[in-house]
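> Input: one structure, supplied below.
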Amino acid sequence: MNDINRAAQVHIEWQLLIDTMLTVSSVHRVQTLLVRNSRLVVPHSAGVYAFWWLGGKERLMHANRHIVLKGPGNRNVDVRYHDWWPADAPYPCLYVGKSTDLRKRFGQHIMNGTRSRLHFPMEGNCKAEPHNSSCQLRFGIEHVFSAEPEPLALIHTEVGFSWCDNFPDNAVAERFFAEDRLVGHLRPWFNIDSER
C-alpha cells in the first residue's frame, strides 16, 4: 500500500473509531455492564476504551478539579482540570486506555466488590498512592469527588464505558496509535500524569 492510500485508510479508520466509541449509543452505563446475563457484555478481546461522565456536567465542574502530582526531581506540579472536551464528544471523557483484554481491564478500573473508598484524600490535594497501577478511573473519581462516601456507587450510576476491538491489521500498532489519538482529541482528565 502506498503512502497516499495509507493516509486515506488512516482517515477511514479514525471515522470508524469515532462511530464505534464517540456516539451516545456506544457509551454504556457501568451498572448495565455489570448485570449478570446481560445481552451487553464487555468482550475479552484486545482494543481501546474510554470512560465517560454521564452525570450532570455541572456536578463534575463543581467537584475537586485540582490535583498535585510529583514531577521531575520530586517537585510538586499543580494540575487543574478544565472543561476542555471537544464538541463531538458525547459526554465529558474521564479516561482513555488500551488493553489486550477489555473485560479484565474494565474490572481493574472499577474494582467492584471492594470497600467503599480505596484512596483517601491527601493534604493539599496531593495525589494519593494508587491502590494499584490499573485503577485510574476509580482513583480519579475518588479524588475528584473526595467527599463522596460511596464512590463505587457513583461510578455505577454516573460513569459510562465504550470500546472498540476492531483492529484487523497491524493490531498492536493500531491500538497504540488509536489510544494516543483519542487521548489527544478527547483530553480525558485522568490520563494526565506528571512528566518524568
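> Name the single residue that is nearest to residue 110 (Cα to Cα) among those in the stretch 1-59 being of a type in the set (Asp, Glu) and modelled with pLDDT of 80 or more.
Applying the filter and picking the extreme gives 58.
> Do the conditions hold for residue 139, that is, is it hydrophobic (A, V, I, L, M, F, W, C) and out of contact with any His (no Cβ under 9 Å at 6 or more places or on another chain)?
no
> Also: Which condition number in (1) surrounded by 13 or more Cβ atoms within 10 Å (Cβ to Cβ); (2) in contact with a Gly (Cβ under 9 Å, 6 or more places away or on another chain); (3) among the acidic types (Asp, Glu); (4) at pLDDT below 95 is the one that residue 193 fails?
(2)
> Every residue in the stretch 74-105 that is of a type in the set (Val, Ile, Thr) and either modelled with pLDDT of 95 or more or more than 15 Å from residue 144 (Cβ to Cβ) (or both), please.
If the condition is that a residue be of a type in the set (Val, Ile, Thr) and either modelled with pLDDT of 95 or more or more than 15 Å from residue 144 (Cβ to Cβ) (or both), then 77, 96, 100 are the ones that fit.
> Would you pick out the residues in the stretch 34-60 that are touching a strand residue (DSSP E or B) at 6+ places or on another chain (Cβ under 8 Å) and either buried (at least 18 other Cβ atoms within 10 Å of the Cβ) or free of Cβ contacts under 8 Å to residues at least 12 places away in the same chain (or both)?
Within the stretch 34-60, 42, 47, 48, 49, 50, 51, 52, 53, 54, 60 meet the criteria.
> Let me ask something else. Just checking, how many residues over the stretch 68-110 are farther than 24 Å from residue 57 by Cα and part of a loop (DSSP other than H, G, I, E, B)?
So the count comes out to 4.
> Pick from 82, 28, 44: which is of a type outside the set (Lys, Arg) and either in contact with a helix residue (DSSP H, G or I) (Cβ under 6 Å, 6 or more places away or on another chain) or at positive phi (or both)?
44
> When the residues of the stretch 124-138 are narrowed to those that are of a type in the set (A, V, I, L, M, F, W, C) and closer than 16 Å to residue 71 by Cα, which ends up nearest to the chain's Cα centre (by Cα)?
128
> Checking the condition in contact with an Asp or Glu (Cβ under 9 Å, 6 or more places away or on another chain), farther than 18 Å from residue 162 by Cα and not in a helix (DSSP H, G or I), which residue from 116, 45 passes?
That would be 116, the only listed residue that is in contact with an Asp or Glu (Cβ under 9 Å, 6 or more places away or on another chain), farther than 18 Å from residue 162 by Cα and not in a helix (DSSP H, G or I).
> What do you reckon, is residue 78 among the charged types (D, E, K, R) and either farther than 26 Å from residue 26 by Cβ or surrounded by 13 or more Cβ atoms within 10 Å (Cβ to Cβ) (or both)? Before you say what the answer is, go through the steps one by one.
Numbers: among the charged types (D, E, K, R): yes; either farther than 26 Å from residue 26 by Cβ or surrounded by 13 or more Cβ atoms within 10 Å (Cβ to Cβ) (or both): yes.
Yes: the conditions hold for residue 78.
> Restricting the stretch 1-33 to residues that are assigned to a loop (DSSP other than H, G, I, E, B) and of a type in the set (S, T, N, Q), which is surrounded by the most Cβ atoms within 10 Å (Cβ to Cβ)?
23
> Let me ask something additional. Collect the residues in the stretch 143-171 that are at pLDDT 90 or above, in a helix (DSSP H, G or I) and not polar (S, T, N, Q), keeping them in residue-number order.
143, 144, 151, 152, 153, 154, 155, 156, 158
The values are calculated or read from the model by the stated rules, or taken from the named source; none is laboratory data. Given the structure is predicted, the values throughout are model-derived calculations rather than measurements. Ideal geometry is used to build each Cβ from the backbone, glycine not excepted, and the neighbour counts take in all protein chains shown.
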